[in-house]
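See below for the structure under consideration.
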Amino acid sequence: MDDQSRRCEANQAAAVQALAAGDLAHLAQAFADAGCTVGLPAPGMLQLSPPSAGKQAMRLLLSVGIHGDETAPIEILSRILHDLAQAPGRLAPNLELMLAVGNMDAIAAGRRFVEADLNRMFRDERGDLEGTAEARRADEIMRATAQFFDGGRENWHLDLHTAIRPSHYPAFAVVPDAIPAPAKRALLGCLGAGGIEAAILNSASAGTFSACTAERFGAVSATVELGQIGRFGCNDLERFSAASGMIDAFLTAGVPPSGAPPAVFRVAQQLVKHSADFRMAFDRTTWNFTKMQPGELIAEDGDVVYRVGSEPEYVVFPNPDVRPGLRAGLMVVESDI
Ligand SMILES: [Zn+2]
């Protein structure tokens, strides 16, 4: 490796570390120098508005690190932003951008969360989790988001995650079903352009960030799951080159790119863990999108029994370790838009 590529690699690593820590000052400076209006509305959040962005400019929110151990999206976004900051004029003139690094304390600790799952906090009803660090962080993120998405324009939000388990579809997304059909089609095309092979339409919000931005601000939003959890520096980013290309294309063209839409699924049932007695009929190594046959036992929780309905269902996000009262998994069926 020559000196220049070694320097380049060291810069990349420093950029990842800065983004992971929610330190966006360096990026803010690069875009401010290029004439952008720059805002730092909360720790770990950056807002960029190109000098020529009009009152009708589309707004895009990109969030990463809502779960602290999901490192690949932080590396992907860091690389895209690092390159863009070298040539800030590439940022589309008609696109306003906000970046959000979700849970910096959890990222620093290499854990999914510190006190409670941040991606269940984007709702008013939090019960006894109201006093947690994550509840405060969700409030902070939502205040900045409300200010960014203010007024009736086209708002987009991609919340980038990685799944806990292996998946029959390595890259998939969860899309709030309430998004109107034309926007949903544009979103599915955009996800398809990013190599997302499956999209789950979900009508229940479960307090996730993307459901919240769709419901409160009419955002065209999705939770995007890219591959599996890995440590910083150990992620194979080549696997996500399509997703990375999609985000870069969105940022530089100012409109979502379009590709062949992913396979579409719809939530058939939510598995809610009511008590500590909750037991799943399969083990925790089960892959996402594992197919189950009609009538098969899914889970038991005291008197509550979950079974597959009249058509085959696929298991997604099985996680029996959540707190009672929360979603321990989803069962989905094949669907049209
Ligand atoms: Zn996640």
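The values are calculated or read from the model by the stated rules, or taken from the named source; none is laboratory data. On a predicted model such as this, the values are computed, not experimentally measured, just so you know. Note: ideal-geometry Cβ built from the backbone for every residue, glycine included; neighbour counts use all protein chains shown. Calculation scope for accessible area: heavy atoms of the full protein, side chains included, ligands and nucleic acids excluded. Shrake-Rupley method; radii C 1.70, N 1.55, O 1.52, S 1.80 Å.
Take the residues of the range 120-155 that are within 16 Å of the ligand (Cβ to nearest atom) and modelled with pLDDT of 95 or more: which is nearest to Ala214 (Cα to Cα)?
Step one: list which residues in the range 120-155 are within 16 Å of the ligand (Cβ to nearest atom), which gives 120-122, 134, 137-138, 141.
Next cut, modelled with pLDDT of 95 or more only: 121-122, 134, 137-138, 141.
Working: Met121: 15, Phe122: 11, Glu134: 20, Arg137: 19, Ala138: 16, Ile141: 15 Å.
Applying the filter and picking the extreme gives Phe122.
Looking at the range 50-84, which of the residues that are within 16 Å of the ligand (Cβ to nearest atom) and out of contact with any Leu (no Cβ under 9 Å at 6 or more places or on another chain) is least open to solvent (accessible area, probe 1.4 Å)?
Thr71
Could you tell me which of the residues Arg79, Arg7 is at pLDDT below 95, assigned to a helix (DSSP H, G or I) and under 29 Å from Leu187 (Cβ atoms)?
Arg79
List the pairs whose first member sits in the range 237-255 and is farther than 19 Å from Thr223 by Cα, whose second member is among the polar types (S, T, N, Q), and whose Cβ atoms are under 8 Å apart, counting only residues at least 6 apart or on separate chains?
Gly254/Asn94
Which of the residues spanning the range 215-234 are away from the ligand (no atom under 16 Å from the Cβ) and crowded, with 24+ Cβ neighbours inside 10 Å?
Across the range 215-234, the qualifying residues are Ala219, Val220.
Checking Asn11 against (1) out of contact with any Phe, Trp or Tyr (no Cβ under 7 Å at 6 or more places or on another chain); (2) free of Cβ contacts under 8 Å to residues at least 40 places away in the same chain, which test does it fail?
Of everything listed in (1) out of contact with any Phe, Trp or Tyr (no Cβ under 7 Å at 6 or more places or on another chain); (2) free of Cβ contacts under 8 Å to residues at least 40 places away in the same chain, Asn11 misses just condition (2).
Conditions: (1) outside any loop (DSSP other than H, G, I, E, B); (2) modelled with pLDDT of 95 or more; (3) open to solvent by 20 Å² or more (accessible area, probe 1.4 Å); (4) of a type outside the set (Asp, Glu). Arg239 meets all but one. Number of the miss?
Of (1) outside any loop (DSSP other than H, G, I, E, B); (2) modelled with pLDDT of 95 or more; (3) open to solvent by 20 Å² or more (accessible area, probe 1.4 Å); (4) of a type outside the set (Asp, Glu), only one is false for Arg239: (2).
Just one of (1) touching a strand residue (DSSP E or B) at 6+ places or on another chain (Cβ under 6 Å); (2) open to solvent by less than 30 Å² (accessible area, probe 1.4 Å); (3) closer than 21 Å to Ala204 by Cβ; (4) not hydrophobic (A, V, I, L, M, F, W, C) trips up His274, so point out which.
The single condition His274 does not satisfy is (2).
Considering only the range 20-37, I want to know if a residue exists there that is more than 16 Å from the ligand (Cβ to nearest atom), assigned by TED's automatic domain parsing to the domain that holds Val224, part of a strand (DSSP E or B) and not aromatic (Phe, Trp, Tyr). Show your work before the answer.
Step one: filter the range 20-37 for residues more than 16 Å from the ligand (Cβ to nearest atom), giving 21-37.
In the following step, the residues that additionally are assigned by TED's automatic domain parsing to the domain that holds Val224 were identified as 21-37.
So of that shortlist, the ones also part of a strand (DSSP E or B) come out as 37.
Applying the additional criterion that residues be not aromatic (Phe, Trp, Tyr) yields 37.
Yes, the conditions are met somewhere in the range 20-37.
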